[in-house]
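Below is one structure, written out as structure tokens; the observations come after it.
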Amino acid sequence: MSTRFIGSGNLGAAPVTRTVEVEGESRSVTDMRVYFDRRVPQDDGSFAEEGGFWLTVTTWGRLAESCARVLRKGMRVRVEGRAREHGWDSEDGPRTELRLTADRLTLELAQIDGVTVRAREQTA
């Protein structure tokens, strides 16, 4: 069973890409750790952070290749996809982790140096 997820967060490390065989065909897969913060609006218009959580986000195919080429540690992204529980056996017993398979991932451009300034110049 999977649950639909939409959220924004920051990459905790550079994406890691590998190639896997799926039904006799090579496909790119990119994994990344993303910290999803929980920002709550305040009365004065600002936002306060009230905790957050880490998820492993996986992308496939052309999206995986684009993520590997463009994304870097610290960038802010918006992720839409399916959350699933992944289980395995370890030396300490059974373990589980919530993972997200992204259908769509977009870079929040306001986080890139200079983009906000250029946007202001174009509207002035």
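Each residue of segment 38-48 in turn: what ³J(HN,Hα) in whole Hz from Karplus with 6.51, -1.76, 1.60 and θ = phi - 60°, glycine and Pro shown as x?
So the Karplus estimates, Gly and Pro as x, are 10, 9, 10, x, 9, 4, 7, x, 8, 10, 10 Hz.
Pull up all non-local amide H partners of ASP103: gap of 5 or more, or a different chain, and H-to-H distance under 5 Å with H placed in the peptide plane.
Residues meeting the criterion, in which the H sits 1.01 Å from N, are GLU80, GLY81, ARG82.
Where the only charges are on Cβ atoms (+1 Lys, Arg; -1 Asp, Glu), what is the dipole of the chain about its Cα centre, to the nearest 20 debye?
440 debye
Applying a 10 Å radius around every beta-carbon, put 21-33, 65-77 in order of their mean neighbour count, most first.
65-77, 21-33
Long-range amide H contacts for GLU108: which residues qualify at under 5 Å (H placed 1.01 Å from N, peptide plane, sequence gap of 5 or more or a different chain)?
Under 5 Å from the amide H of GLU108: ARG76, VAL77, ARG78.
In whole Hz, what ³J(HN,Hα) sequence does segment 96-101 give by Karplus (6.51, -1.76, 1.60; θ = phi - 60°), x for Gly and Pro?
For segment 96-101, the Karplus curve yields 9, 8, 7, 10, 10, 9 Hz.
Given +1 on the Cβ of Lys and Arg, -1 on the Cβ of Asp and Glu, and no further charges, what dipole in debye does segment 4-75 carry about its Cα centre, rounded to the nearest 20?
Numbers: 10 positive and 10 negative charges, 52 e Å.
With only Lys, Arg, Asp and Glu charged at Cβ, the dipole is about 260 debye.
Could you work out how far apart the two model spin labels at SER66 and VAL22 are, taking each label as a point 7 Å from the Cα in the direction of the beta carbon, and quote it in nm?
Placing both labels 7 Å along Cα→Cβ, they lie 1.6 nm apart.
How big is the antiparallel share of DSSP beta bridges in the chain, given as a percent to the nearest 5?
Roughly 95 percent of the DSSP beta bridges within the chain come out antiparallel.
With mean projected area of the Cα convex hull in nm² in mind, check (i) 10.3; (ii) 9.5; (iii) 11.2 and report the label derived from this structure.
After the calculation, the listed value that fits is (iii).
Starting from the Cα of GLU85, step 7 Å along the direction of its Cβ; do the same at THR101; then give the gap between the two resulting points in nm.
About 1.7 nm separates the two model spin labels.
Throughout, read-outs are computed from the coordinates displayed, never taken from laboratory work. None of these values were measured; they are calculated from a predicted model. Neighbour counts are summed over all protein chains in view; Cβ atoms, including those assigned to glycine, are modelled from backbone coordinates with ideal geometry.
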